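Take a look at the structure set out below.
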Amino acid sequence: MKRRGVLHAAACAPWASLLAGCQRAADAPEAETLRLAIDLWPGYLPGVLADELGWLSPAGIQLKVFYPGDTDKMLADFVAGRYDVMGASLGDIFTISRGHLAVKVIAITDESAGGDMVLARRGLKLRPDGHYTIATNLGGFGELFLQEFIRRRQLGSARWSWVNADGAEVQQLLASGKLDIGHTWDPYASRAVAAGAQKLFSSLDTPGLVADVLVATNATIQRRARLLKLFLKFWFEAVDWWLAHPEEARKLISRRVRIEPDRISLHGLQLLDLAHDRQLMIGAQGRGPGVADVVQRYSDFFIEKGSAVRPLGAADLLEAGLLP
């Protein structure tokens, strides 16, 4: 018997009235660490809320949350095995899925509904024959989002100089004149608009296109399926709690991530409950996964531009078996 077990038994033995409590403590699951990497986007925060509500530790989940603040670095660190689960845009998964790394979507967290924006520097006038510097996190979903903007605004004949920039950098780059147009998301997007940037386009114009997901590698899923299932159970319970108690949820999350409560808002996105997640991941009434068409769009786009080596369909990418 381990030393801690001996000490526990010694402490419990003299107190017959406490035997039931000792038995419960002895039967408590041994804690397992789960490393979650996310950007500060509200759709990725139900896991943090579940932990702040005190649900995870008693179930044996020791949640360690990482906020790298740089999407490219986070993706690279995930590929290197530094995290067990990562929150990312669905489109970003196509870049890291190429080659030998097997990555699966284990849940869809939210759909952006205005929280992703295409912004222009103050005073910019767009013309179909103009030449513009445009930025997003190249290799990810932002490229397709910006291409959709260009198509919808009939700006295909303009000349575009593409620049790689993280969403957190776009406000400063627009203000300094180094960018004409940039893609970013809240809270960065709303700050940039408040500082004078022009909003040209948003994810309200592309319903369903910008979906965010939780991902894990096949190896992690095979090795830690029980833990991941349990985590997702609490995740969706936290979604329901957040939707029922929005102000209390903001305060709890704010305390954990150390940002002001008014910056934690569900404005601009649709947080997905379990029923909606099942419809997107599995389908309903004999139809296939609701997200299948969006997966196909991203697959076609990244195959055409050469950043993915093989097509990926919904069946390749989605692992719905971990949902509660």
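Numbers below:
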item: Angle between the chain longest axis and helix 218-244 axis [Cα atoms, degrees, rounded to 10]; result: 80
item: Angstrom value of the Kirkwood radius, inverse mean 1/r, which spans all Cα pairs in the range 200-324; result: 16.9
item: Equivalent-ellipsoid semi-axes of the chain, from the Cα gyration tensor, Å, largest first; result: 41, 22, 17
item: Calculated diffusion of the range 116-205, Stokes-Einstein form, Kirkwood radius summed over Cα pairs, 10 °C and 1.306 mPa s, µm²/s; result: 126
item: In degrees, nearest ten, helix 292-305 long axis to first principal axis of the chain (Cα); result: 60
item: Helical contribution to [θ] at 222 nm, DSSP H n ≥ 4, -39,500 (n - 2.57), averaged over the chain, rounded to 500; result: -12000 deg cm²/dmol
item: Cα long-axis angle, helix 246-257 against the chain (0 to 90 degrees, to the nearest 10); result: 90
item: Peptides ranked, highest mean first, by Cβ atoms within 10 Å: ranges 199-207, 257-265; result: 199-207, 257-265
item: Cα-based reach from Lys125 at 23 Å (exclusive), listing lysines while leaving out same-chain residues under 8 positions away; result: Lys178, Lys199
item: Segments 153-166, 48-61, 209-222 sorted - mean Cβ within 10 Å per residue, highest first; result: 209-222, 48-61, 153-166
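Every read-out reported here was derived from the displayed coordinates using simple, explicitly stated rules and does not represent laboratory data. Keep in mind the model is a prediction, meaning the values are calculated, not measured. Here Cβ is always computed from backbone atoms with ideal geometry, including for glycine, and neighbour counts include all displayed protein chains.
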